[in-house]
Amino acid sequence: MEIPVAQVCTMIPVAKEVGSLRAIASGGIVSPTGNPDLPSDKEKEFRRSLVLRALQVLKEEV
Amino acid sequence: MGEKIRVVHYLNQFFAQIGGEEKGGVGPGGKEGPLGPSRALQQALGERGDVVATIFCGDNYFAERQQEAIDELLRLLTSFKPDLLIAGPAFESGRYGVACGAICQAAEERLGIPALGGMDEGNAGANLYRKKVYIVNSSASVARMVPTLQRMADLGVKLVERAPLGKPEEEGYFAKGVKRNAFAAKPPAERAVDMLLAKIRGEPFKSEIPAPKFQRSKPAAPLQDLSSAVIALVTDGGLVPEGNPERMEPGRPTRFTTIPIAGLDRLDPNEFDAVHSGYDTAFANRDPHRLVPLDVMRELEQEGVIGKVHEFVHATGGAHAAVENATRIGQGIAERLKAAGVTGVILTST
Amino acid sequence: MRLDLGFVDIRDVRFGPHTAVEDNLLFIDREELTSLLQREPLFDHVEVELAHPGESCRIIRVLDVLEPRFRLNGPNFPGALDPMGLVGDGQTRVLKNVLVVETSESEARARSIIDMSGPATAYSPFGDMHNVVLSPYPVSGADRDEFRLAVKKAGLKAAAYLAAAAKEIAPDETQSYELPSVAFNQGPNDLPRIAYIFPMHSHQHPTQQNETVFYGSNIQGFMPTIVHPNEILDGALMFSYSAFTYFAQNHPVIQELYRRHGRDLWFAGVVLTVAPVTIAEKERNAYLAARLAKETLGADGIIATKIGGGAVDTDLMMIYSRAEEMGMKATLIIMERYPDTGITFVPENVNALVTPGLTRDAIALPAVERVIGADTVAVDNSNPDNTDPALSPVAARQELKVWVGDIVGAISQVGASRLTTYTS
């Protein structure tokens, strides 16, 4: 049984090079699923939309 | 290189002239000066070095009591204050070959003494040790003793001097695939300008760092339906419980940890930390959701967008991971997820 | 714009009643220097020690290393030490063979070592120079980050203070660095124009708010820009981490491009940039840096180096790809860390890499009689790969089994070393 992986990361080119094709851009090296420059409620919205994108890419053929 | 290199030669009971198979149970010993084939090794070294001692052990003794044999042999080795250990050549003798590989590895790792062995490519010792210590290819024929010892002497001298080794095919050793430093004739900035100018002029040049070869994995088939999916959160950003009880490594990881999150709606910053040498963990420490988005995942679980969040977060700190270890860690995590019936993963990387 | 570096060759450094340079000897008034540095409120006290080439002496917990220099017309390290002003022109005195070395508690877990004798001196030039070692100790309750910045500033103070002693001394040798403005920097058509693209920092370890990296700026959100190479050489830049400021003052790529300027190349100039933390910003900076090299500096080829961790390999690969797409040729200098793969990542199209060496190459440093900086160091002699945060420190004066990369000055990411690597 294969398990699809959505990788939230910064170094997309590296991920793709080793076959992690469901790689999507993160909030940055120091905060992959966050953005410390945003106030916390906006940061949570940002996180939610990022996670939804990650879940969406799990459903995509790559 | 002014001073002569002090060399110790490791032999089995046969080459140490103690006896044949019947003397295989002989324990470790040592003697000053060259013995048996060590004389040919001395010839091969010439003025560059002296075989100051020979150490030996019976092949059966070594095979049956490896740890004790190594401890005693290292003790003997230390007493002779060598710059270099040469073991064998063992040709086709499997137990002898394994002993050569093992004593060389131990000398390097535990005493920091450069060491190399010699044996045939098919020897069990070559199989086990060729990636860990330098082994010269002796072939199976004992008639190759003298030329093999010459190669071993030449290679040994280079190891001691930290001079660049020639290519494996040229110098007759099994490639370890290990990078080493060597002193260069020109500094890096000059070599970079030379290389760039050659490139601009259309002249040949050679890149100094070959592309590392990674295994490319094939992506899995997509999920059909998220609302029944069991999604696991995995991270290489070094999430750990507060205080890092398992002492997860901040770099060069060799393992992963499993963090139970059943019943947790969020990751409390007082109960979790991020340990990782490759990025500033302050932001993740203040809010671990910046690394592992459990808060949002729980909401989506409650809303029915996903079926379930898997009850463990698998985590490691991915700074400077050796490819071998990273592969093993990934496989270990994958096995656990498969066994637990996980159907999708969100992997967060820093 | 032209910078004259006036080198005064110092043959020995001693403590004396006044700080002065006489007959190529540097005398240091220890009390005066100590009290100058102790004015920093975060310091409880500062120790000043001397270490000379050939001594059985080890300096540990090294935070930064710099060359004592003094601009005759000021300012020195503007924005960081002196008020804002410009550098890179006029005359600067350099005390050759002398280093200012700062040690700090903040480096307790970093194995940053200078040995004044033994095998380390084959790798690093620092053991062959006279080291003036500053060891500040914090007042109780001092903020760790602020203390670290204060220690770095102390190094700047000492570097300018010591070199000021040579301001009236005629130099033993003068080296001139001259490059006109971009508009007038035209060479003969047959000499390829070479630019240096220089990411000076990676924000995977973000700078502190009041950290001074470039002309006193914390360089957050820094966009690629053109700078004059002399500014790097003359005190505009202090590295935040991962490299020693000595190698900005003695930048190997800038020095090499100047050395060959007019001979087999034309030095087109320097693009200064940073490595940011999101992929979108990395892409933007790579595009802009390459464009500045191509359309503003008119480069035919670029060299780029990095500061930082594996993440920055991505920035370099992007700079390389963008440059080549624009019709320039590119070459990168990338330090290797791993005996198995060397660096993190090389895509197919990148075919011109130079290595300044492999950091994780084992070396045994012999026991020494004297240690400066602290008594203990976090080393596991049975396994130099052990980076367990709970590792118990061991006595620093014993034999230490470490890596070549732990030797300060052995391998600098900007391309300074005596090394290359090979696979065996």
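The values are calculated or read from the model by the stated rules, or taken from the named source; none is laboratory data. Since the structure is predicted, the reported quantities are computational estimates derived from the model, not experimental observations. Every residue, glycine as well, gets a Cβ built from its backbone with ideal geometry; the counts of neighbours run over all protein chains shown. Heavy atoms of the whole protein, side chains included, go into the accessibility calculation; ligands, DNA and RNA do not. Shrake-Rupley method; radii C 1.70, N 1.55, O 1.52, S 1.80 Å.
Can you pull the one-decimal nm distance between simple spin-label points at residue B:17 and residue B:163, each 7 Å off the Cα toward Cβ?
3.1
Under a 5 Å amide H to amide H cut-off, with H placed in plane at 1.01 Å, what residues pair with residue B:272 once short-range neighbours are removed?
Residues meeting the criterion, in which the H sits 1.01 Å from N, are B:242.
Under the Kirkwood approximation for Rh and a Cα-based Rg, what ratio Rg/Rh is obtained for region B:226-348?
0.96
How would you rank C:398-405, C:272-279, highest first, on the average number of other Cβ atoms within 10 Å across their residues?
Ranked by mean Cβ neighbours within 10 Å, highest first: C:272-279, C:398-405.
Just the number, please: buried accessible area between B and A, total of both chains, 1.4 angstrom probe, nearest 100 square angstrom.
That pair hides around 3400 Å² of surface in total.
Using only the Cα atoms, work out Rg/Rh for region C:1-121, with Rh taken as the Kirkwood radius, to two decimals.
Over the Cα atoms of region C:1-121, Rg/Rh equals 0.98.
Counting partner chain Cβ atoms within 10 Å of every residue's Cβ in B:274-281, what's the average?
Mean shielding by partner chains, rounded to a whole number: 5.
Calculate how steeply helix A:40-58 sits against the longest principal axis of the alpha-carbon atoms of chain A, using the helix alpha-carbon long axis, and give the answer as 0 to 90 degrees to the nearest 10.
Helix A:40-58 sits roughly 10 degrees off the main axis of chain A.
Rounding to the nearest 10 and keeping the result within 0 to 90°, find how far the Cα-based axis of helix B:188-201 lies from the longest principal axis of chain B.
Between helix and principal axis, roughly 80 degrees.
Where a Cα-Cα gap under 13 Å defines reach, which aspartates and glutamates qualify for residue C:329, not counting those fewer than 8 residues away within the same chain?
The reachable aspartates and glutamates, counting only those whose Cα sits under 13 Å from residue C:329, are B:194, B:203, C:300.
Stokes-Einstein at 37 °C, 0.692 mPa s, Kirkwood radius from Cα pairs: D for the protein assembly as shown in µm² s⁻¹?
So the translational diffusion coefficient is about 113 µm²/s.
Which whole-percent values make up P(r) of region B:5-171 when all C-alpha to C-alpha distances are grouped in 5 Å steps starting at zero?
P(r) for region B:5-171, in whole percents per bin: 2, 10, 21, 26, 24, 13, 4, 1, 0.
Add -39500 (n - 2.57) for each DSSP H run of 4 or more in the protein assembly as shown, then divide by its residues: what number comes out at 222 nm, to the nearest 500 deg cm²/dmol?
About -8000 deg cm²/dmol.
Please list, in chain and number order, the residues 5+ apart from residue B:239 or on another chain whose amide H is under 5 Å from its amide H, with Hs placed from the backbone.
B:275, B:316
Hull surface divided by four, with the convex hull built on the Cα atoms of chain C: how many nm²?
For the Cα atoms of chain C, the hull's average projected area reads 20.6 nm².
Write down the Kirkwood hydrodynamic radius of region B:67-140, to one decimal in angstroms, obtained as one divided by the mean of 1/r over all alpha carbon pairs.
That comes to 11.9 Å for region B:67-140.
How big a patch of accessible area, both sides summed and in Å² to the nearest 100, lies buried between A and C at a 1.4 Å probe?
Using a 1.4 Å probe on protein heavy atoms, the buried area is about 900 Å².
Suppose all protein chains stay in the model; what accessible area per residue would a 1.4 Å probe give for region C:1-143, in Å²?
Accessible area per residue, region C:1-143: 37 Å².
Which of rounded, prolate or oblate describes chain B when judged by the alpha-carbon gyration tensor and an a/c cut-off of 1.5?
The shape class here is prolate.
Name the long-range amide H neighbours of residue B:10: under 5 Å, sequence gap of 5 or more, or other chain; modelled H, no Pro or chain starts.
So residue B:10 has HN proximity to B:55, B:86, B:87, B:88.
What span do the alpha-carbon atoms of region A:7-58 cover on each of the three principal axes, reported in whole Å from largest to smallest?
35, 22, 8
Please compute the length gained on full extension between residue A:16 and residue A:49, using 0.36 nm multiplied by the number of residues separating them and subtracting their Cα-Cα distance.
9.7 nm
So for the pair residue B:299, residue C:390, with labels modelled 7 Å out along Cα→Cβ, what separation do we get in nm?
3.7
Stretched out fully, how many nm does the piece from residue C:376 to residue C:4 gain, at 0.36 nm a residue minus the Cα gap?
Here the segment from residue C:376 to residue C:4 would lengthen by 129.7 nm.
Full extension from residue B:79 to residue B:216: what is 0.36 nm times the residue separation minus their Cα-Cα distance, to one decimal in nm?
Difference between extended and current length: 44.4 nm.
Could you tell me how many degrees, from 0 to 90 and to the nearest 10, lie between the Cα long axis of helix B:94-111 and the main elongation axis, the longest principal axis, of the Cα atoms of chain B?
Tilt of helix B:94-111: around 70 degrees.
Over chain A, what is the relative contact order in whole percent, taking alpha-carbon pairs under 8 Å and six or more residues apart?
Relative contact order, chain A: 33 percent.
Would you mind computing, in nm to one decimal, how far apart the modelled labels at residue B:185 and residue B:68 are, each placed 7 Å from Cα along Cα→Cβ?
With each label placed 7 Å out from Cα toward Cβ, I get 5.4 nm.
How long are the semi-axes of the equivalent ellipsoid of region B:132-250, taking √(5λ) for every eigenvalue λ of the Cα gyration tensor, in whole Å from largest down?
44, 27, 20
Can you grab the distance from the C-alpha centre of region B:14-61 to the C-alpha centre of region C:382-409, Å, no decimals?
35
So what are region C:220-295's ellipsoid semi-axes, whole angstrom, largest first, if each one is the square root of 5 times an eigenvalue of the alpha-carbon gyration tensor?
23, 18, 9
At a 1.4 Å probe, what is the % contribution of carbon and sulfur to the accessible area of region B:5-171?
With neighbouring chains kept in place, the figure for region B:5-171 is 49 percent.
Indicate the gyration tensor shape class of region C:243-398 (rounded, prolate or oblate), computed on the Cα atoms with a ≥ b ≥ c the square roots of the eigenvalues: a/c under 1.5 is rounded; otherwise a/b larger than b/c is prolate and the rest oblate.
Prolate, because a/c is 1.5 or more and a/b exceeds b/c.
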